[in-house]
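For reference, the structure is listed below as structure tokens.
The values are calculated or read from the model by the stated rules, or taken from the named source; none is laboratory data. Since this is a predicted model, take the numbers as computed values, not measurements. Note: ideal-geometry Cβ built from the backbone for every residue, glycine included; neighbour counts use all protein chains shown. Side chains are part of the model used for accessible areas, which takes the heavy atoms of the whole protein and leaves out ligands, DNA and RNA. Shrake-Rupley method; radii C 1.70, N 1.55, O 1.52, S 1.80 Å.
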Amino acid sequence: MSRITPFASPLLLGFDAMEKTLERLSKASDGYPPYNIERVAADRASGDPERLRITLAVAGFSEEELDVSVEENQLSIHGRQIDQGERDYLYRGIAARQFQRTFVLADGMQVLGACLKNGLLAVDLIRPEPSRMVKKINISVSQ
């Protein structure tokens with residue numbers, strides 16, 4: 001049985017990479033760490049543009065144990081806690097757990113920066129207005 005994809009239309013050309021990305025995202029369903037995505041309004045007084053903010057709950061992680069990187073159109077956030085060595089736990093309910101959270105960014109999205117405060121990692125993104133480009137295509141006539 002063949003599977004029909006949303007990009008199977010002959011009018012949609014060059015969307016193979018997007019289809020693969022959607023498949024990869026549908027397989028990544030781990031809910032750790034929890035996160036929010038919010039829209040932060042533009043601040044006309046300071047000139048800051050409207051932006052998106054991704055906030056992850058990373059309690060127990062230090063700055064050195066977190067890594068935020070962008071490769072092509074993919075924002076990756078990794079966390080790896082370093083075990084504190086010999087401890088004598090009477091009860092251990094907080095595990096030293098590693099994670100990787102990935103977000104696919106639309107073309108033109110830019111990461112402004114990341115901030116760790118009170119166990120929350122906030123990553124700010126902007127999307128500058130693209131310049132509108134119209135390109136005239138010459139038609140050649142063969143005789």
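State whether one or more residues within region 66-86 are farther than 16 Å from residue 119 by Cα, modelled with pLDDT of 85 or more and of a type in the set (Val, Ile, Thr). Within region 66-86, one or more residues are farther than 16 Å from residue 119 by Cα, modelled with pLDDT of 85 or more and of a type in the set (Val, Ile, Thr).
Take the residues in region 117-127 that are over 10 Å from the mean Cα position of the chain (by Cα) and within 17 Å of residue 74 (Cα to Cα), then tell me which one is most open to solvent (accessible area, probe 1.4 Å). Among them, the one singled out is 127.
Mind listing whichever residues of region 70-83 are under 12 Å from residue 102 (Cβ atoms) and either touching a His at 6+ places or on another chain (Cβ under 8 Å) or open to solvent by 70 Å² or more (accessible area, probe 1.4 Å) (or both)?
70, 71, 72
It is to be established whether one or more residues within region 53-61 are out of contact with any Gly (no Cβ under 8 Å at 6 or more places or on another chain), charged (D, E, K, R) and open to solvent by 50 Å² or more (accessible area, probe 1.4 Å). Yes: region 53-61 contains one or more residues that are out of contact with any Gly (no Cβ under 8 Å at 6 or more places or on another chain), charged (D, E, K, R) and open to solvent by 50 Å² or more (accessible area, probe 1.4 Å).
Number of residues in region 84-97 that are aliphatic (A, V, I, L, M) and open to solvent by 90 Å² or more (accessible area, probe 1.4 Å) equals 2. Note on region 98-116: residues that are charged (D, E, K, R) and surrounded by 14 or more Cβ atoms within 10 Å (Cβ to Cβ) total 1.
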